[in-house]
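Only one structure is covered here, and it is reproduced in the block below.
The values are calculated or read from the model by the stated rules, or taken from the named source; none is laboratory data. Not measured: the values here are computed from a predicted model. For neighbour counting, all protein chains shown are included, and Cβ atoms are generated from backbone atoms with ideal geometry for every residue, glycine included.
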Amino acid sequence: MIEVRSLSKRYGHVTAVNDLSFDVLPGRVTGFLGPNGSGKSTTMRIVLGLDIPSEGRATVAGKSYHELERPLTVVGALLDAGAIHGGRRARDHLRWLAATNGLSPRRVDEVLELVGLESAASRRGSTLSLGMRQRLGIAVALLGDPGTLLFDEPVNGLDPEGIVWVRKLMRNLAAEGRTVFVSSHLMSEMALTADHLVVVGRGRLVADADIAEFVGRATVRAARVVTPEASKLSAVLVSAGGVVTADGSEVLEVSGLPTSRIGELALSASVVLHELTPMHASLEEAYMELTADSVEYAASASPTPTRAADPASLGVQGGEQ
Amino acid sequence: MRQVLRSEWLKITTLRSSYITLVVSLAAMVGVSSIVCVADVSSYHKLGLFGAAAYRLTFDPAFSGVSGVFLAQLGIGVLGVLTMTSEYGSGMIRTSLAAVPQRLHLLGAKVIIYVAISTVIGLIGSFVSFFVGQSILDGAGLGTTLSAPGVLRVVIGGGLYLAVLGLLGVGIGATVRRTAGGVAALFGLLLVLPAIAAALPSPWGPDISKYLPNQAGSSLLHLEPFNRLTSSLSPWVGFAVFSAYAVAALVLGSILLVRRDA
């Protein structure tokens, strides 16, 4: 269990983390989602006692990180996959780490096997591929058999097989009752792995919800209507409370009304419909919508990223019918 | 703390580059000391009877015997810097500090392990250099023995000099965090400052020089009359000044390590 309370971190005039509070509960995978530069890594470093917060605090298993005895047995972390000395063998990297917390040397071989690196155990850091380093980083996290795990962008650099493996591993760790906290800037990745999402943008909390709830919120009740009498139907729909945008002379995009209601209104107004299609925003689109205001380095000329253009229709602010 | 010591021992002994640096430093120490002694003998032989007598009066055989320490110090110092900066360079420092959140324990363990290694390498190098050097000097009747007054202090001093350099290196590494900057700071302190001081006009130059780390530390490596002749500090005062630089670097490094984000 990780508790983050009113956490802020400022570097000079830049606020990396801004009054962030959330809990990460055991037994499920919690995704930590946000665009690059949104404060995810900083938050994780603060949880691990590496960065000192400007305000607020973070605790693991009820204690601040510095109070943990043999911290590797409580929290395991993958922060930076490249973090091995180029001249040190993979096994030796785990050996010195095991020594710090008095872990058995046998555990080193166990985790090497667990991450599929037995054959690369004698290779030096500089000769490991990015994927191998990522696996070694995961071995580092698992070394102390901790109840809480933090993974910062764990699938970076992994091949498709490795990505599937990491997903399975995280799900298994959570199923064993551990607290699993995984950061990513990719919604699609989280959609496949996480049970719960903590979304941040520019260091602020944007959403803290179960993934099912998030999907629900993300489903946009909008419809695409094709009719030869677009202007007539448009007037009817607007008077019934719909939000209508014309897309060409025969195509309307309607939000704020369910498709069944649109059909009924069209019938009573004797308007012929050629097409009536519900439109759903994907999870990816919902996420981009949520964080659109908080992307730090957006391409300036980028078009609106989603067809579900009205943020209110996402229901995030509770404006949904 | 014993676990952290064991871990730091593993860190340094699992790198090939540590062995290479230490062996090269050792070889450089013995090699340079020998070359200095060979040069001493050769310049002695070139002198006439009168000149040779004067040469003997001002000749410090013990110092020549351990003079290779001034090359070995660079290897020992750089490896000391690297014990900290290589962790920052690779990002491994975060793994280290997550495993050992008591940052001063981590730094303390590094200091203990590395100073122990530098001391052992320094003492071995110093004794071997001394004996090889004296066997060369003996050819011209210039050599001395361990039992002569002050000689044992000089030979052990060679080991202590490198022990302090190990400490200085780790301290600079913890302060500067980057390898390039750390090595530059170390070389600046050991090589560039003395050169600048030597270029200063007479009363200032020597007055400042004797307090610089290199010069102060080398007071311990001279037999007694020669320190007075060269207006250096007395052996143990000089060594104390030298050690003070290393301790200052370590204190600064400790404060920064605790205060800064990793």
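Observations on the model:
- All conditions but one from (1) farther than 24 Å from A:LYS168 by Cα; (2) in contact (Cβ under 8 Å) with a residue 60 or more places away in the chain; (3) of a type in the set (S, T, N, Q) apply to A:THR73; the one that does not is (1).
- For region A:99-124, a residue qualifies if it is assigned to a helix (DSSP H, G or I) and facing another protein chain (nearest Cβ under 8 Å), and the qualifying residues are A:ALA99, A:THR100.
- Check on A:GLY144, assigned to a loop (DSSP other than H, G, I, E, B), more than 15 Å from the chain's Cα centre (by Cα) and farther than 24 Å from A:GLY49 by Cα: no
- Residues located in region B:1-50, provided they are part of a loop (DSSP other than H, G, I, E, B), within 14 Å of chain A (Cβ to nearest Cβ) and surrounded by 13 or more Cβ atoms within 10 Å (Cβ to Cβ): B:THR14, B:LEU15
- Test: residue in region B:63-79 that is within 14 Å of another protein chain (Cβ to nearest Cβ) and in a helix (DSSP H, G or I): yes
- Subset of region B:186-243 (residues that are of a type in the set (A, V, I, L, M, F, W, C) and in contact with a Lys or Arg (Cβ under 6 Å, 6 or more places away or on another chain)): B:LEU233
- The residues of region B:208-221 that are out of contact with any Ser or Thr (no Cβ under 7 Å at 6 or more places or on another chain) and in contact (Cβ under 8 Å) with a residue 24 or more places away in the chain, listed by number, are B:TYR211, B:PRO213, B:ASN214, B:ALA216, B:GLY217, B:SER218, B:LEU220, B:LEU221.
- When region B:111-145 is filtered for residues that are touching a Phe, Trp or Tyr at 6+ places or on another chain (Cβ under 7 Å) and assigned to a loop (DSSP other than H, G, I, E, B), the ones remaining, listed by number, are B:ALA140, B:LEU142.
- Residue within region A:54-69 that is more than 25 Å from B:ARG259 (Cβ to Cβ), facing chain B (nearest Cβ under 10 Å) and surrounded by fewer than 21 Cβ atoms within 10 Å (Cβ to Cβ) present: no
- Of all the numbered requirements in (1) assigned to a helix (DSSP H, G or I); (2) modelled with pLDDT under 95, B:ALA148 misses one, and that requirement is (1).
- Contacts under 7 angstrom Cβ, first residue in region B:237-262 being more than 14 Å from every other protein chain (Cβ to nearest Cβ), partner among the aromatic types (Phe, Trp, Tyr), 6 or more apart: B:VAL241/B:TYR211
- Any chance A:LEU33 is in contact with a His (Cβ under 8 Å, 6 or more places away or on another chain) and either farther than 19 Å from B:GLY91 by Cα or modelled with pLDDT of 95 or more (or both): yes
- Residue in region A:79-97 that is in a loop (DSSP other than H, G, I, E, B), over 23 Å from A:GLY162 (Cβ atoms) and more than 8 Å from every other protein chain (Cβ to nearest Cβ) present: no
- Among (1) polar (S, T, N, Q); (2) more than 24 Å from A:ARG171 (Cα to Cα); (3) within 23 Å of the chain's Cα centre (by Cα), the one test that A:THR43 misses: (2)
- Filter pass, B:THR83 being part of a loop (DSSP other than H, G, I, E, B) and either away from chain A (no Cβ under 14 Å) or modelled with pLDDT of 95 or more (or both): no
- Pairs are defined by a Cβ separation below 8 Å, a sequence spacing of at least 6 or placement on different chains, a first member in region A:121-140 that is closer than 15 Å to A:ASP109 by Cβ, and a second member that is of a type in the set (Val, Ile, Thr) and assigned to a loop (DSSP other than H, G, I, E, B); the pairs so defined are A:ARG135/A:VAL115; A:LEU136/A:ILE84; A:LEU136/A:VAL115; A:ALA139/A:VAL115.
- Members of region A:262-284 that are more than 40 Å from the chain's Cα centre (by Cα), small (Gly, Ala, Ser) and part of a loop (DSSP other than H, G, I, E, B): A:ALA269, A:SER270
- Flag for B:THR145 being free of Cβ contacts under 8 Å to residues at least 24 places away in the same chain, away from chain A (no Cβ under 14 Å) and either of a type outside the set (Asp, Glu) or surrounded by 23 or more Cβ atoms within 10 Å (Cβ to Cβ) (or both): yes
- One residue stands out among those in region B:98-109 that are hydrophobic (A, V, I, L, M, F, W, C) and under 12 Å from B:ALA174 (Cβ atoms): the one that is farthest from the other protein chains (Cβ to nearest Cβ), which is B:LEU107.
- Of all residues in region B:68-88, those that are free of Cβ contacts under 8 Å to residues at least 40 places away in the same chain have Cβ atoms under 8 Å from Cβ atoms of residues that are part of a helix (DSSP H, G or I) and not basic (Lys, Arg), 6 or more apart or on another chain, in B:GLU87/B:ILE93; B:GLU87/B:SER96.
- Qualifying residue in region A:22-42 (condition: within 29 Å of A:VAL206 (Cβ to Cβ), within 12 Å of another protein chain (Cβ to nearest Cβ) and either among the hydrophobic types (A, V, I, L, M, F, W, C) or not in a loop (DSSP other than H, G, I, E, B) (or both)): yes
- Scanning region A:80-102 for residues being surrounded by fewer than 23 Cβ atoms within 10 Å (Cβ to Cβ) and of a type in the set (A, V, I, L, M, F, W, C) gives a total of 2.
- From B:PRO235, B:PRO206, B:PRO213, residue being out of contact with any helix residue (DSSP H, G or I) (no Cβ under 7 Å at 6 or more places or on another chain) and of a type outside the set (Lys, Arg): B:PRO206
- The residues on offer are B:VAL151, B:VAL164, and the sole one that is surrounded by fewer than 24 Cβ atoms within 10 Å (Cβ to Cβ) and under 23 Å from B:PRO213 (Cα atoms) is B:VAL151.
- Residue match in region A:86-99 (condition: modelled with pLDDT under 95 and of a type in the set (Asp, Glu)): no
- Taken together, B:GLY159, B:GLY181 contain a single residue that is farther than 30 Å from A:ILE52 by Cα and either touching a Leu at 6+ places or on another chain (Cβ under 9 Å) or more than 14 Å from every other protein chain (Cβ to nearest Cβ) (or both), which is B:GLY159.
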